[in-house]
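For reference, the structure is listed below as structure tokens.
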Amino acid sequence: MNTTINDIKNSIINGKTVLGIELGSTRIKSVLVGQDNTPIASGSHDWENSYVDNIWTYSLDDVWKGIQDSYKNMANDVKEKYGVTLETIGAIGFSAMMHGYMVFNKAGELLVPFRTWRNTITEKASEELTKLFNYHIPQRWSIAHLYQAILNGEEHVTDISFQTTLEGYVHWKLTGEKVIGIGEASGMFPIDINTKNYNSKMIEQFDELVASKNFSWKLKDIMPKVLLAGENAGVLTAEGAKLLDVTGNLKPGIPLCPPEGDAGTGMVATNSVAQRTGNVSAGTSVFAMIVLEKELSKVYDAIDLVTTPTGSLVAMVHCNNCTSDLNAWVNIFKEFSLAMGIDVNMDNLFATLYNKALEGDPDCGGLLAYNYFSGEHITNFEEGRPLFVRTPESKFNLANFIRVNLFTSLGALKTGLDILLKDEGVKVDEMLGHGGLFKTKEVGQKIMAAAINAPVSVMETAGEGGAWGMALLAAYMLNKTENETLEEYLTNKVFAGKVGTKIAPAPNDIKGFDEFMKRYTNGLPIERAAVDNLK
């Protein structure tokens with residue numbers, strides 16, 4: 001069906017739209033979505049975290065100014081495109097960067113500045129809790145922050161009445177409801193996938209651990225209530241409407257869906273919420289998520305466990321380094337071109353070099369590179385040194401050189417994914433790729449497919465991002481039929497007929513990547529020597 005401007009206008013007036021707002025680390029994006037699940041208006045606001053008293057933080061003032069500006073820009077976009085004032089919306093959903101630490105007293109006042117996921121100040125708490133629960137607790141998780149504050153003897157802990165995350169806080173202020181989506185909850189505290197709630201045994205273990213402190217609270221009393229995708233999470237109050245839309249045009253009473261984390265909205269935006277699917281986001285950093293069919297056999301430092309917005313277990317491998325070193329080499333080629341008097345277009349340069357890599361030897365001709373701009377926890381490096389190494393016998397040519405730099409951008413990720421795919425026998429039918437590595441048609445896909453030995457697809461909608469994913473969760477709550485799962489809703493009503501490309505791994509490339517990985521693993525002492533000796 002062809003949607004006309006008039007159709008869209010009517011859907012806006014009649015409140016048939018949905019709105020997703022995501023607070024990312026550098027941008028707050030608002031996306032208004034029409035009845036066919038495609039974006040019809042958007043607005044954004046750029047912001048940056050601050051480093052105050054050794055803590056990465058955003059002030060509450062910046063949170064609200066940012067949300068209001070992003071919403072206003074979206075509402076202005078509606079007015080400009082369709083000539084109507086936005087007064088009502090079918091449903092709204094909020095998403096943000098996961099994890100971190102926000103604690104409030106009985107009066108609803110923030111006790112200490114918001115500590116974001118970026119803070120690596122909870123190492124002792126992370127280690128002790130991982131041991132206690134026999135479950136990997138990353139440093140950025142909310143429970144690690146809480147326990148570290150207890151270990152530090154911070155006075156504010158006795159006054160805690162409520163602990164939540166950034167989108168949980170925003171949702172609470174707009175609706176009065178202290179709730180959170182299960183995907184986001186899984187980055188606060190471990191989830192029991194059978195009960196779809198916090199793991200009760202671990203909650204008891206934590207309460208016993210801190211019993212001698214005699215706090216007035218027990219852990220489950222201060223945590224937000226866990227909700228699943230599709231459940232109602234409250235309505236926009238009169239105060240909430242004024243807080244979101246400072247013009248006063250937006251009417252209260254709009255339903256809100258459970259607030260979700262950016263991992264969950266990424267899964268929704270790439271239609272990878274079903275078991276045996278996954279998605280990989282490859283840009284400056286790289287992470288891959290695979291929806292599991294069962295629990296892993298043991299605890300791995302390299303693997304974080306979270307859930308989908310419906311509570312299925314997800315294994316996540318996150319690496320700090322991906323395309324930065326690759327981009328630096330491409331810039332060297334640009335400098336060379338300019339020195340030769342040739343002004344090249346960067347998109348053409350990337351495409352030319354990336355495609356050249358496909359002509360290289362499957363194993364990159366014996367070349368070796370490390371793309372570590374910063375440390376990499378999966379291979380145990382606290383700092384990084386980008387390196388390129390070869391033997392006199394290596395086949396050193398342009399194709400192999402670009403190929404090895406593409407391979408190494410996935411080296412640490414492959415190390416983590418091999419734990420899942422080879423050691424744990426996790427099955428993945430398809431991975432959805434998004435991010436800068438996949439911008440050049442087919443090249444990043446082919447190399448990723450070789451690395452994981454599974455087909456990799458890139459959808460045309462891959463650029464829509466998390467705010468769109470959040471809007472889809474709001475749409476699911478609003479429009480789902482009885483017993484319709486999120487997987488069914490996305491596959492049949494959102495992604496049906498969407499164009500994308502799917503590339504299966506080539507046997508030669510799989511073998512070549514495995515050969516490269518042997519060299520990569522054996523060569524790690526070279527990287528260690530560089531970190532230790534190149535100051």
(request) Answer with yes or no whether GLN139 is free of Cβ contacts under 8 Å to residues at least 40 places away in the same chain, in a loop (DSSP other than H, G, I, E, B) and in contact with a Ser or Thr (Cβ under 7 Å, 6 or more places away or on another chain). (result) yes
(message) Among the residues in segment 450-459, are any open to solvent by 20 Å² or more (accessible area, probe 1.4 Å), under 17 Å from THR521 (Cα atoms) and of a type outside the set (Val, Ile, Thr)?
(response) no
(request) Go through segment 479-489 and give me each residue that's more than 15 Å from LEU228 (Cβ to Cβ) and surrounded by 15 or more Cβ atoms within 10 Å (Cβ to Cβ). (result) ASN479
(message) Need the failing condition index for ILE193 against (1) open to solvent by 10 Å² or more (accessible area, probe 1.4 Å); (2) modelled with pLDDT of 95 or more; (3) among the aliphatic types (A, V, I, L, M), just the number.
(response) (2)
(request) Give me a count of the residues in segment 123-141 that are of a type outside the set (D, E, K, R), touching a Leu at 6+ places or on another chain (Cβ under 9 Å) and either under 17 Å from VAL306 (Cβ atoms) or open to solvent by 10 Å² or more (accessible area, probe 1.4 Å) (or both). (result) 6
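Residue-by-condition table, conditions (1) in contact with a Gly (Cβ under 8 Å, 6 or more places away or on another chain); (2) under 21 Å from LYS225 (Cα atoms); (3) among the charged types (D, E, K, R):
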| position | (1), (2), (3) |
| --- | --- |
| SER70 | yes, no, no |
| ASN76 | yes, no, no |
| ILE89 | yes, no, no |
| VAL112 | no, no, no |
| ALA125 | no, no, no |
| PRO138 | no, no, no |
| ALA144 | no, yes, no |
| ALA149 | no, no, no |
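Each row is one residue, and each column tells you yes or no for (1) assigned to a strand (DSSP E or B); (2) buried (at least 19 other Cβ atoms within 10 Å of the Cβ).
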site: GLU239; (1), (2): no, no
site: VAL246; (1), (2): no, no
site: GLY266; (1), (2): no, yes
site: ASN279; (1), (2): yes, yes
(message) Can you tell me how many residues within segment 71-109 are closer than 22 Å to GLY176 by Cα and open to solvent by less than 50 Å² (accessible area, probe 1.4 Å)?
(response) 20
(request) Considering each of LEU228, LEU256, LEU244, LEU236 in turn, give the residue that is touching a residue at least 60 places away in the same chain (Cβ under 8 Å) and over 25 Å from MET188 (Cα atoms). (result) LEU244
(message) With the requirement that a residue be open to solvent by less than 30 Å² (accessible area, probe 1.4 Å) and over 20 Å from ASP262 (Cβ atoms), what does segment 22-54 give you?
(response) GLY34, ILE40, ALA41
(message) Return the residues of segment 283-311 that are closer than 17 Å to GLU430 by Cα and in contact with a strand residue (DSSP E or B) (Cβ under 8 Å, 6 or more places away or on another chain); say none if nothing qualifies.
(response) PHE287, ALA288, MET289, ILE290, VAL291, LEU292, THR308
(message) Being touching a residue at least 24 places away in the same chain (Cβ under 8 Å) and touching a strand residue (DSSP E or B) at 6+ places or on another chain (Cβ under 8 Å) is true for just one of ILE13, ILE8. Which residue is that?
(response) ILE8
(request) Only one of these is among the basic types (Lys, Arg) and more than 30 Å from ILE8 (Cα to Cα): LYS79, LYS72, LYS65, LYS106. Name it. (result) LYS106
(request) For THR57, indicate whether it is in contact with a strand residue (DSSP E or B) (Cβ under 9 Å, 6 or more places away or on another chain) and either among the charged types (D, E, K, R) or surrounded by 14 or more Cβ atoms within 10 Å (Cβ to Cβ) (or both). (result) yes
(request) Mind telling me which of the residues LYS439, LYS518 ends up being without any contact (Cβ under 8 Å) to a residue 24 or more places away in the chain, under 25 Å from LEU368 (Cα atoms) and open to solvent by 50 Å² or more (accessible area, probe 1.4 Å)? (result) LYS518
(request) Determine whether THR415 is in a helix (DSSP H, G or I) and open to solvent by 10 Å² or more (accessible area, probe 1.4 Å). (result) yes
(message) Checking the conditions here, which among LYS502, LYS535 is farther than 29 Å from SER25 by Cβ, at pLDDT below 95, open to solvent by 10 Å² or more (accessible area, probe 1.4 Å) and in contact with a Ser or Thr (Cβ under 6 Å, 6 or more places away or on another chain)?
(response) LYS502
(message) Name the single residue that is surrounded by the fewest Cβ atoms within 10 Å (Cβ to Cβ) among those in segment 291-307 being assigned to a strand (DSSP E or B) and in contact with a helix residue (DSSP H, G or I) (Cβ under 6 Å, 6 or more places away or on another chain).
(response) VAL306
(request) Identify the single condition in (1) closer than 27 Å to ASN152 by Cα; (2) buried (at least 19 other Cβ atoms within 10 Å of the Cβ); (3) in contact with a Leu (Cβ under 8 Å, 6 or more places away or on another chain) that ILE182 does not satisfy, given that it satisfies every other one. (result) (1)
(request) For ASP423, work out the one condition from (1) more than 21 Å from THR501 (Cβ to Cβ); (2) out of contact with any Asp or Glu (no Cβ under 6 Å at 6 or more places or on another chain); (3) in contact (Cβ under 8 Å) with a residue 24 or more places away in the chain; (4) acidic (Asp, Glu) it doesn't fulfil. (result) (3)
(request) Output the residue which, of all residues in segment 142-170 that are assigned to a loop (DSSP other than H, G, I, E, B) and out of contact with any Asp or Glu (no Cβ under 9 Å at 6 or more places or on another chain), is surrounded by the fewest Cβ atoms within 10 Å (Cβ to Cβ). (result) GLY153
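The values are calculated or read from the model by the stated rules, or taken from the named source; none is laboratory data. All of these numbers come straight from a predicted model, not from anything done at the bench. So basically every Cβ, Gly included, is an ideal-geometry build from the backbone, and we count neighbours across all protein chains shown. These area figures cover heavy atoms from the full protein model, side chains too; ligands, DNA and RNA do not enter into them. Shrake-Rupley method; radii C 1.70, N 1.55, O 1.52, S 1.80 Å.
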